[in-house]
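Contents: one structure, followed by commentary.
Quick note: the coordinates plus some simple rules give every number you see, no bench work behind them. Because the structure is predicted, anything quoted here is derived from the model rather than measured. Positions of Cβ are backbone-derived with ideal geometry, glycine not excepted, and every protein chain shown enters the neighbour counts.
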């Protein structure tokens with residue numbers, strides 16, 4: 001799994017990539033693949049994937065395929081089927097797939113605001129981000145209303161057995177940094193369907209927002225560092241680096257008091273310049289606070305300033321994930337205990353496998 005996520009996967013049948021995600025927020029240029037009962041997101045549209053030693057043969061009618069390395073079959077995989085709710089549209093005529101998408105095998109994900117103050121400035125944009133690509137391609141809308149999200153979430157649960165939901169957002173030009181739109185959206189969804197929700201945003205201007213987010217129906221919180229070394233942060237994501245790591249640590253401590261140990265998490269993108277030692281050191285600090293450190297391999301997305309940046313090697317990822325998995329388990333902050341969100345899904349990293 002670690003090798004697949006580093007090298008990517010070539011598709012012998014291009015049609016097999018029809019349901020994959022190209023561009024946009026979240027795990028882009030990926031396709032969900034189930035290996036040994038674990039569903040992971042694997043790059044299929046990146047330059048790395050085109051040169052991958054792994055090839056997925058054309059799937060059969062049940063979505064089963066064989067992965068080969070060279071000419072040698074090494075694993076049997078399945079591709080999750082396209083969800084039924086994708087065939088529907090909202091009362092105001094927007095396709096459901098433009099409002100929220102299936103991540104992994106049972107997670108509904110949405111980017112409430114498909115615009116971001118960081119993305120709008122060449123000098124402030126996160127160089128790995130593609131949040132504007134799906135909007136430019138007409139595959140989504142700029143602002144999903146609470147009513148639209150509630151409608152789609154209810155249908156996804158009834159039709160496809162969705163188990164939890166991720167709500168992320170581009171950062172608006174407001175001090176709350178997206179907390180308000182998360183509150184409005186979560187309140188509407190929880191009124192329509194009983195579905196665990198993770199909200200994701202930058203640390204808001206005041207810690208009082210954490211209580212408000214919890215009261216609105218948000219069960220877990222994600223505030224994503226992405227990069228842990230300040231010099232690398234300033235090079236890769238100058239705008240977001242203006243929010244210092246010290247503010248993140250304060251926000252983590254305050255939010256854990258509200259949501260509980262293990263119910264606050266952060267993304268760390270390995271392969272952007274942080275050393276193994278820097279990542280593990282930060283993870284130790286996070287675990288001590290009760291924050292789940294979701295370390296994932298960086299994936300270079302086409303059309304971004306880092307599209308030619310190399311993905312991390314499997315050896316580098318294993319050197320982080322293997323000891324981190326043991327530390328996560330020792331801290332009793334396993335992914336399986338998270339109520340909702342990216343850490344619980346675990347599809348963008350093989351970390352959860354190392355926890356066991």
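DSSP beta bridges fully contained in the chain are about 50 percent antiparallel. Principal semi-axes of the equivalent ellipsoid, √(5λ) from the alpha carbon gyration tensor of the chain, are 28, 25, 20 Å from largest down.
At 222 nm, what value in deg cm²/dmol follows for the chain if DSSP H runs of at least 4 each add -39500 (n - 2.57) and the sum is divided by all its residues, to the nearest 500? It lands at -9500 deg cm²/dmol. For the pair residue 288 and residue 174, the difference between a 0.36 nm per residue extended length and the Cα-Cα distance amounts to 38.0 nm. Result for the chain in a Gaussian network model with C-alpha springs under 10 Å: among 47, 61, 173, the largest mean-square fluctuation is at 61.
Among 117, 99, 301, which one shows the biggest mean-square fluctuation in a GNM of the chain, springs joining Cα atoms closer than 10 Å? Largest GNM mean-square fluctuation: 117. For the pair residue 62 and residue 141, the difference between a 0.36 nm per residue extended length and the Cα-Cα distance amounts to 25.2 nm.
Here the range 215-315 has an Rg and Dmax of 14.3, 43 Å, counting Cα atoms alone. How big is the C-alpha Rg of the range 23-92 next to the rule-of-thumb value 2.2 N^0.38 Å, as a ratio? Cα Rg divided by the expected 2.2 N^0.38 Å: 1.31. Calculated FRET efficiency, residue 88 to residue 307, Cβ-Cβ distance, R0 = 56 Å: about 0.95 to the nearest 0.05.
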